[in-house]
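See structure below.
The values are calculated or read from the model by the stated rules, or taken from the named source; none is laboratory data. All values reported here derive from a predicted model rather than from experimental measurement. Because the Cβ atoms are built from the backbone with ideal geometry, glycine has one as well, and the counts that use them run over all protein chains shown.
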Amino acid sequence: MAIKFSRVDRLPDGFLVDPQPYIDMLPDLKESIPAGAYRFVTDPEHYDFFSERSIKDLKIERLEVVDSFAVLGITLELAYNQLPNIPQLSIKYSDVSNLSIDVRSGFQIRPDWINVGAKRLGDILTDEIHPDAGGCIHVIEMIHGVVAITCGDLEALWS
């Protein structure tokens with residue numbers, strides 16, 4: 001799964017990220033995306049790259065899969081860093097039917113950013129939530145890969 005509408009261009013010294021095409025589509029998706037997912041993706045600060053409550057530049061701190069009486073759940077903890085006064089995002093996915101993590105290889109990075117050849121996902125560039133027969137698919141585009149979670153719904157909470 002990949003981002004469908006947002007623009008993500010890799011530049012020699014960074015990225016050009018434009019979620020506006022996806023934001024423009026959100027009103028049309030209201031009836032086909034579960035309520036919790038729609039609230040999360042339409043939060044006014046979600047795509048405001050200058051807000052501390054933006055999805056951009058968060059990193060995965062922890063991803064936990066919970067199998068509870070034949071109902072699969074995932075908790076995804078995201079943060080900018082480990083400082084205690086910086087907001088952190090926790091997303092709880094319910095009724096999960098698929099989890100996909102794709103780490104890209106071959107992307108050339110600046111040697112002063114991170115060790116060449118290191119396997120990591122890096123920071124979030126943007127995300128999209130798409131309708132699915134069982135709820136929705138949350139696609140998270142990161143510097144070095146994509147995480148996609150198919151679920152019945154999700155609940156996002158900033159701390």
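Overview of results
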{"item": "Answer from F40, F69 - the residue that is closer than 23 Å to G134 by Cα and loosely packed, with under 11 Cβ neighbours inside 10 Å", "result": "F69"}
{"item": "Number of the exception - G135 against (1) on the phi < 0 side of the Ramachandran plot; (2) small (G, A, S); (3) at pLDDT 95 or above", "result": "(1)"}
{"item": "Strands (runs of 3 or more DSSP E) wholly inside the range 1-99 that include at least 2 residues being over 13 Å from I124 (Cα atoms) and of a type in the set (S, T, N, Q)", "result": "88-94"}
{"item": "Selection from the range 85-129 of residues that are touching an Asp or Glu at 6+ places or on another chain (Cβ under 6 Å) and modelled with pLDDT of 95 or more", "result": "S90, K92, S94, L125, T126"}
{"item": "Residue match in the range 46-54 (condition: free of Cβ contacts under 8 Å to residues at least 12 places away in the same chain, farther than 17 Å from I143 by Cα and either touching a helix residue (DSSP H, G or I) at 6+ places or on another chain (Cβ under 8 Å) or charged (D, E, K, R) (or both))", "result": "yes"}
{"item": "Residue that is surrounded by the fewest Cβ atoms within 10 Å (Cβ to Cβ) [pool: residues in the range 120-159 that are touching a Cys at 6+ places or on another chain (Cβ under 7 Å) and hydrophobic (A, V, I, L, M, F, W, C)]", "result": "I129"}
{"item": "Residue within the range 9-20 that is small (G, A, S) and surrounded by 15 or more Cβ atoms within 10 Å (Cβ to Cβ) present", "result": "no"}
